[in-house]
Ligand code: BTN
C-alpha cells in the first residue's frame, strides 16, 4: 500500500479524535518544504488544522538552519497550521510530546525526548547511544503586535534509508528500531490526535500537564552530563529539569543556568 493510501485510510478512521487537525489535508508526491506550503496557505487564510504532507521534500528544513533529509517514501514530512497565538510559546514542547505520544501509541516503540523536542530511540543506559527518529520545526508569522499563525512541521523517519554520512549512527527510523513494517498513516493519525489532546489541554488548563508529560518522556532531563556552546567556550553541567517556561535547567559550578535556545549535547 502506498503512503498516500495508508494516510487516507487512517485519517478516515480517527476523525473524531483529531479535532481540527487533518479535517482537510493535501498530499504531494514531492515538494520543496511542507512548512513553506503551509506558511503560504496560512497567509492566504487557510483554516487552523489544515495538514500538508509530502512523500519527499527537496528543501526540507530543520532547526538551527540545518536541512532535513527527506528522501521519497521514507518518512512522514508533515506541516499544519495553528491560529492560537497563546499557544505559540508552548508549541515547541507540545509538538515534541504529540509526536512522541503518537509514535508510542501507534507502534509501541518507547521513544524519548531530547530537549527541546528531538524524538529519539535509546538503547541501554547511555543517553549518548540515542538515534534521532523525528524532529519538529515550528515557525510563526507575527505582525507588529501579535502572532498571526504558527506552522508546526514534523518529520518522522519511517523506513530504513541511507542517511548522509554526517547523520550515520545518529539517525534512525521506526522500522529500523522495530525490525518490522510500520503503517505511516496510523502514525500520522495518532500524532494528530495527540496534538489535538495536548493543545486543547494547554488552551484550557495552562501548561502544567504539558511540562509533566514532557518530563516523563525525557529521563535525561534530570542528572545527565550535558554540554552546550556558550558565548566564548563550551559549557558543561548536569541537566536539572525544566523551568516553568520550558527552558532547560542545568546545574553548573557557577549555579543553575537556563538554556532557552540552541542545542544541548549529552556527553
Ligand atoms: C529538526 O531539525 O529536528 C526539525 C526537523 C523538521 C522537519 C520537518 S519535515 C516537515 C516540515 N517541513 C520542513 O521543511 N521541515 C519540517
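A short reminder: the numbers here are calculations on the coordinates, not readings from a lab. Fair warning: this is a prediction, and the values are worked out from it, not measured in the lab. Here the Cβ positions follow ideal geometry from the backbone for every residue, glycine too, while neighbour counts run over all protein chains shown.
What the table shows:
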read-out	value
Relative contact order (percent, whole number), segment 36-76, Cα cutoff 8 Å, 6+ residue spacing	34 percent
Cβ crowding within 10 Å averaged over residues, with 250-258, 51-59 ranked highest first	51-59, 250-258
Rel. contact order, % - alpha carbon contacts under 8 angstrom, at least six apart, segment 152-265	13 percent
Label point distance in nm, residue 9-residue 168, each placed 7 Å from Cα along Cα→Cβ	3.6 nm
Under the Debye formula (equal points on every Cα, no solvent term), log10 I(q)/I(0) of segment 150-222 at q = 0.11, 0.14, 0.21 Å⁻¹	-0.42, -0.67, -1.10
P(r) of segment 219-266 over all Cα-Cα pairs, binned every 10 Å from zero, in whole percent	29, 63, 8
Förster-model FRET efficiency, 22 Å R0, residue 267 and residue 212, C-beta, rounded to 0.05	0.25
Relative contact order (percent, whole number), the chain, Cα cutoff 8 Å, 6+ residue spacing	19 percent
Degrees between helix 34-43 axis and first principal axis of the chain (Cα, 0 to 90, nearest 10)	70 degrees
Between segment 199-267 and segment 43-109, the Cα center-to-center distance that results, in Å	22 Å
Ellipticity estimate at 222 nm from DSSP helix runs (n ≥ 4, -39,500 (n - 2.57)) divided over the chain, nearest 500	-8500 deg cm²/dmol
Highest average packing first - 174-187, 77-90, Cβ atoms within 10 Å	77-90, 174-187
Degrees separating the helix 184-205 axis from the principal Cα axis of the chain, which is the longest one	60 degrees
Förster radius 35 Å - calculated FRET efficiency between residue 256 and residue 30, Cβ distance, rounded to 0.05	0.15
The chain, Rg to Rh (Cα coordinates; Rh as Kirkwood inverse mean 1/r)	0.95
Residues residue 141 and residue 238, FRET efficiency given R0 of 51 Å [Cβ-Cβ distance, rounded to 0.05]	0.85
